[in-house]
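Inspection log for the structure reproduced underneath, given as structure tokens.
The values are calculated or read from the model by the stated rules, or taken from the named source; none is laboratory data. Just so you know, these numbers come straight off a predicted model, no measurement behind them. Don't worry about glycine lacking a Cβ; one is built from the backbone with ideal geometry, like all the others, and counts go over all protein chains shown. Only protein heavy atoms, including side chains, enter the accessible area calculation; ligands, DNA and RNA are left aside. Shrake-Rupley method; radii C 1.70, N 1.55, O 1.52, S 1.80 Å.
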Amino acid sequence: TTTTTTTTTTTTSRPPRFFCEWKKNDTTRLIDNSHNCFHLLSPSAQSKPFWYFLGDSTMKHLFRSIHTSYPFNQTIVKQVKAKCGGLSYLGFPTKNNSTINSSTNTNMTSYSASYWTPPNHTLGQGPVGTDRTKTKSYKPYCVNAFGYVGTLVGDAYHSIEMLPVEFTFDVELPTPWTNTTQETVALYLQQKQQYRQSPNQTACVVNAGMHDMGIPMQHHNNNAAQLLYAYNVQQYLILLQPYCGTLIWLGLSATEDHPKEPQRNKKVQEWNQAVFGMLLKNMPHVHVMDVYDKSLHSPHLDNIHLTDPGYYHPLGELFVKLMK
């Protein structure tokens, strides 16, 4: 059995078990048992003790809202605010650090080169440079997000954690054993589960794409770029899959369509549809939450960030209820 969900540009058939949509005119709140998103997520995610939120500054806004309403111990266990402190937060050395513990090495990837390699933008790989063309002046081992880049809240029995992953495929935070940020966070989750967590205790909420839209991909037309984005999402989620008992993909939210910004709503819709179609075909176990319609009609702080009362708080309430 399938249902048909219509957006402004496309109609895609998806199994209701794995897909939900948050609409502007919903007569029920996300936390109501009758809302299709709560109905979708509760069988798999209800009462899981360990939650991970992986994304950029838009995810960070959501995490902050969840933290204020977190029903368990709200103590901040650890937090790193420096933009170049991501690896320090995760507990890994940089590639060029010779004092490494060989016991940390896993079979996730072959042993990586001992130097930082700039991104290959043709592959849709971040980050982007700070210069006008976005193709040089990189800051190795740093992220662009403002404020904290990692936060762990809770205790040994329940916790929520924000992990900085700005792109679907990037070299911001490589280690001696990983080549990409996505491999690095997967290794981090793997190590945590070696000590005290099992996959059936964890839920991961994942989002990325706003920064991907800023990658200069001059050799790709619009269709090729969205297919590349969907492919990179798939490879990213494959890395996370063994460590996330419930894996939730949070679709891209609407923007304000600022003419000087690369994040435009036409592209957001196209990229969302490319990912939703890929997940339906190749990873149907991944839960998908489409927030585009609600975010399109919610107040924004800037081109990509929304307000807490109108968007992040009601969205956060859903996850808080699932945690109880």
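Somewhere in segment 65-77, is a residue on the phi > 0 side of the Ramachandran plot and loosely packed, with under 14 Cβ neighbours inside 10 Å? Checked segment 65-77: no residue is on the phi > 0 side of the Ramachandran plot and loosely packed, with under 14 Cβ neighbours inside 10 Å. Might you check whether a residue that is farther than 27 Å from residue 161 by Cβ and without any contact (Cβ under 8 Å) to a residue 24 or more places away in the chain occurs anywhere in segment 185-202? Within segment 185-202, none of the residues are farther than 27 Å from residue 161 by Cβ and without any contact (Cβ under 8 Å) to a residue 24 or more places away in the chain. The set of residues in segment 293-316 that are open to solvent by 20 Å² or more (accessible area, probe 1.4 Å) and not hydrophobic (A, V, I, L, M, F, W, C) comprises 293, 294, 297, 299, 300, 302, 307, 308, 309, 310, 313, 314. Taking the listed residues 263, 234, 269, 241, the one that is among the polar types (S, T, N, Q), open to solvent by 30 Å² or more (accessible area, probe 1.4 Å) and either farther than 26 Å from residue 322 by Cβ or in contact with a helix residue (DSSP H, G or I) (Cβ under 7 Å, 6 or more places away or on another chain) (or both) is 234, with no other qualifying.
Within segment 224-241, residues that are under 17 Å from residue 184 (Cβ atoms) and of a type in the set (Ser, Thr, Tyr) sit with their Cβ atoms under 8 Å from residues that are assigned to a helix (DSSP H, G or I) and modelled with pLDDT of 95 or more, at 6+ positions apart or across chains, in these pairs: 236/182.
Taking the conditions exactly as written (hydrophobic (A, V, I, L, M, F, W, C) and either out of contact with any helix residue (DSSP H, G or I) (no Cβ under 9 Å at 6 or more places or on another chain) or open to solvent by 10 Å² or more (accessible area, probe 1.4 Å) (or both)), does residue 204 satisfy them or not? In short, no.
Being touching a residue at least 24 places away in the same chain (Cβ under 8 Å) and under 20 Å from residue 128 (Cβ atoms) is true of residue 209.
Scanning segment 151-180 for residues that are part of a loop (DSSP other than H, G, I, E, B), open to solvent by less than 30 Å² (accessible area, probe 1.4 Å) and not charged (D, E, K, R) returns 165, 167, 168, 171, 173, 174, 176, 177, 180.
Regarding residue 287, is this residue within 17 Å of residue 51 (Cβ to Cβ), of a type outside the set (Ser, Thr, Tyr) and open to solvent by 10 Å² or more (accessible area, probe 1.4 Å)? Judged against the criteria, residue 287 is a match. Within segment 48-67, can one find any residue that is more than 19 Å from residue 166 (Cβ to Cβ), hydroxyl-bearing (Ser, Thr, Tyr) and out of contact with any helix residue (DSSP H, G or I) (no Cβ under 8 Å at 6 or more places or on another chain)? Within segment 48-67, none of the residues are more than 19 Å from residue 166 (Cβ to Cβ), hydroxyl-bearing (Ser, Thr, Tyr) and out of contact with any helix residue (DSSP H, G or I) (no Cβ under 8 Å at 6 or more places or on another chain). Cβ separations smaller than 8 Å between residues 6+ apart or across chains give the following pairs from segment 308-324 residues that are among the basic types (Lys, Arg) to residues that are surrounded by fewer than 18 Cβ atoms within 10 Å (Cβ to Cβ): 321/31; 324/47; 324/71.
The conditions of being out of contact with any Pro (no Cβ under 7 Å at 6 or more places or on another chain), over 29 Å from residue 234 (Cβ atoms) and either surrounded by fewer than 17 Cβ atoms within 10 Å (Cβ to Cβ) or modelled with pLDDT of 65 or more (or both) are not met by residue 110. Looking only at segment 54-72, decide whether some residue is modelled with pLDDT under 80, within 22 Å of the chain's Cα centre (by Cα), of a type outside the set (A, V, I, L, M, F, W, C) and part of a loop (DSSP other than H, G, I, E, B). No - not one qualifying residue is present in segment 54-72.
Among the residues here, residue 148 does not qualify as at positive phi, in a loop (DSSP other than H, G, I, E, B), at pLDDT below 95 and surrounded by 17 or more Cβ atoms within 10 Å (Cβ to Cβ). With respect to residue 154, is the statement that it is among the small types (Gly, Ala, Ser), at pLDDT 90 or above and touching a helix residue (DSSP H, G or I) at 6+ places or on another chain (Cβ under 7 Å) true? So residue 154 fails the test.
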